[in-house]
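Engineer: Please read through the structure below; I'll follow up with questions.
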């Protein structure tokens, strides 16, 4: 148990399966809660938004990172936001954006939400630590 | 909190640099002090006369031109990297400050963030 509990914002920019970022971030998130710290929010940016897809369907004997993250977020009531500009580019939308852009479907996985970069700015200001999980950078 | 956003990859091959720029603009729009540092192949962002229409993209020069309007404090370029990529006063964008070494720049910011 840590003597000083800290609050954290995690930013994930690497996509599942294309990078280890979502998996590493999940292990980090579990470890920081186990150590008595607080996870205030998770922010998905760039390719990291693919973690919030409700349609990811890996073979049943492989880990399903979006589902594992969604279960973790729900269990610990951690808000998670995907950047709206990143999601629209990459084809990840909720029902609001589906209606706005007259798209044939929506595919945002609950409890992820879609919002702007202001959420990231606020997270940096309000929490003690902001930690980034990038992809390969290639 | 003073933030330095580092772009170390050449433009056009990936959207990560543009998205890092959006992060910088967002911080500046919320009155958070932020500067940009271009190093390694990232200095190619700062070349005059880019013709991205050939690639079917918008030139990053235009994106960068918005930096002062948003209130980005400085656009910095790693001097040795500029030299390696043939960038000098004749072909570097206006408003860019070349630095001899990046270490002191990184040291004077409380937060340093790399483009994903």
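Engineer: For the stretch A:82-132, enumerate the residues that are more than 14 Å from chain B (Cβ to nearest Cβ), outside any loop (DSSP other than H, G, I, E, B) and over 13 Å from the mean Cα position of the chain (by Cα). Step through it out loud before you land on a result.
Structural biologist: At the first step, the residues of the stretch A:82-132 found to be more than 14 Å from chain B (Cβ to nearest Cβ) are A:92-114.
Pick out the ones that are also outside any loop (DSSP other than H, G, I, E, B) and you get A:95-100, A:108, A:113-114.
Answer for the stretch A:82-132, where residues must be more than 14 Å from chain B (Cβ to nearest Cβ), outside any loop (DSSP other than H, G, I, E, B) and over 13 Å from the mean Cα position of the chain (by Cα): A:95, A:96, A:97, A:98, A:99, A:100.
Engineer: If I filter the stretch B:2-11 for residues that are within 14 Å of chain A (Cβ to nearest Cβ), in a helix (DSSP H, G or I) and either under 25 Å from residue A:87 (Cβ atoms) or touching a residue at least 60 places away in the same chain (Cβ under 8 Å) (or both), do I get at least one hit? Break it down stepwise before answering.
Structural biologist: In the first step, residues of the stretch B:2-11 are kept if they are within 14 Å of chain A (Cβ to nearest Cβ); the result is B:2-10.
Cutting the leftovers down to in a helix (DSSP H, G or I) gives us none.
No: zero hits.
Engineer: Would you check if residue A:135 is modelled with pLDDT under 95, on the phi < 0 side of the Ramachandran plot, touching a helix residue (DSSP H, G or I) at 6+ places or on another chain (Cβ under 7 Å) and not in a strand (DSSP E or B)?
Structural biologist: Numbers: modelled with pLDDT under 95: yes; on the phi < 0 side of the Ramachandran plot: yes; touching a helix residue (DSSP H, G or I) at 6+ places or on another chain (Cβ under 7 Å): yes; not in a strand (DSSP E or B): yes.
So residue A:135 fits the description; yes.
Engineer: Turning to a different aspect of this structure: When the residues of the stretch B:29-59 are filtered to those that are surrounded by 22 or more Cβ atoms within 10 Å (Cβ to Cβ) and assigned to a helix (DSSP H, G or I), which remaining residue is nearest to the other protein chains (Cβ to nearest Cβ)?
Structural biologist: Looking at residues that are surrounded by 22 or more Cβ atoms within 10 Å (Cβ to Cβ) and assigned to a helix (DSSP H, G or I), I get B:42.
The values are calculated or read from the model by the stated rules, or taken from the named source; none is laboratory data. None of the values given here were measured: they were computed from a predicted structure. Cβ coordinates were reconstructed from backbone atoms using ideal geometry, including for glycine residues, and neighbour counts include every protein chain displayed.
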